[in-house]
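Here is the structure we will look at.
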Amino acid sequence: MIDILNTITDYVLVVDENGCIMFANTSLLNKLKYTLDELRDLNSILVDKDFNFIIDELNENKSVHNIDLYFYNSTKDKVLFNGNIKKSTFENKDAFVIICNCNNTDKEEMRNEFFGNISHEFKTPLNLILGTIQLIEKNVAKGNINSVNGTDLNRHTKCIKQNSYRLLRLANNIIDMTRIETGYYQLQLGNHNIINIIEEITLSVSSYMETKGINLVFDTDCEELTVACDPDKIERIVLNLLSNSIKYTDNGGEINVLINTFPSKVRVSIRDNGSGISQEKLPYIFERYVQDDRKYRVKSEGSGIGLSLVKSLVNMHDGDIYVNSELGEGSEFIFEIPIRVIQENSIEKFDMDNEHLRIEKCNVEFSDVYSM
């Protein structure tokens, strides 16, 4: 029975006839930030209620419904719960079982915590898999490992690597969305040349576009513009939008990355002549877990998290993002961030990391588009 109670999301508390705690399920312990032993050491965490009155009513009616109860959490703050109390038995002893429903906020917190935890759990084995694959590739290249019966080791290792990158991309997106929603995601702002950042990111993916026969055009009306931004997050935004455009642009297509500056803001446009987005889906394109129902979607599945994450990152820069698109005519994603600087000693120069890390980032972001 205890195992069953620990699996449900509702809050369950069992007390004896004197109101002393006998059991609390995992959901309640997490909410109040107690261990079960710590909770049992308390006489009772019911406050603002005459428990003798409740007992009298339970003895008469066997249950009490829709009652407000305040519980103390581990920091001695009062937390309001609403639920039902039923007279029953627990471990062959007379007891009162209190079941409180999760409200929407609680469910959202638990969902975020679950996704965040499970995504972190994904990353550990994925990193081990990728590290092992890299070791195998090095030994194959040196001739230390040979194919058996004509097995194409390179093809198999590339398949494992690409799908590991796909899972890693999904895990990263879920972790970041969870951190944003819970307020733990912070920008590392500095004064940077935004033109240089976007140009370097765009040029770094040109080889990917060449392999698909897509023409890349970069243009700007300004050679240098210093704004307060987080280069890593700008890189994430641009790479995500570029991979999205590549995904839905056929061989021989074109993608334009254009930068325009205004007195109070800088505008970045990523435009393709691909298949476009249906008008019915445009208002929802930046919502979580929403995908366009394009007839060609079978060749390019996704989680529906990427654009929602992009919007969140742009908004954290106090910017805006929007899209113009027609089915069959291509799409244009535009994001704008304000032109401002913060107080610091010097203007920082953007560095696209070393070549290995840059390639690794692109491989993860483009894992849904290209074979490794």
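The values are calculated or read from the model by the stated rules, or taken from the named source; none is laboratory data. Keep in mind it's a predicted model, so treat the numbers as computed, not measured. Here Cβ is always computed from backbone atoms with ideal geometry, including for glycine, and neighbour counts include all displayed protein chains. Areas reflect the complete protein model, heavy atoms only, side chains present, ligands, DNA and RNA absent. Shrake-Rupley method; radii C 1.70, N 1.55, O 1.52, S 1.80 Å.
A few comments on the model shown:
- When the residues of region 144-168 are filtered to those that are closer than 14 Å to T132 by Cα and either of a type in the set (V, I, T) or outside any helix (DSSP H, G or I) (or both), the one that is modelled with the lowest pLDDT is I145.
- Of the helices (runs of 4 or more DSSP H) lying entirely inside region 1-83, those carrying at least 2 residues that are within 38 Å of the chain's Cα centre (by Cα) and either among the aromatic types (F, W, Y) or modelled with pLDDT of 75 or more (or both) are 2-7, 26-32, 36-40.
- Residues in region 202-230 that are under 27 Å from K265 (Cα atoms) and part of a loop (DSSP other than H, G, I, E, B) were compared, and the one that is modelled with the lowest pLDDT is V205.
- Some residue of region 330-338 being at pLDDT 60 or above, out of contact with any Ser or Thr (no Cβ under 9 Å at 6 or more places or on another chain) and over 30 Å from N127 (Cβ atoms): yes
- Residue in region 177-195 that is free of Cβ contacts under 8 Å to residues at least 12 places away in the same chain and part of a helix (DSSP H, G or I) present: no
- Checking each residue in region 10-19 for being open to solvent by less than 80 Å² (accessible area, probe 1.4 Å) and in contact with a helix residue (DSSP H, G or I) (Cβ under 8 Å, 6 or more places away or on another chain) picks out D10, Y11, V12, L13, G19.
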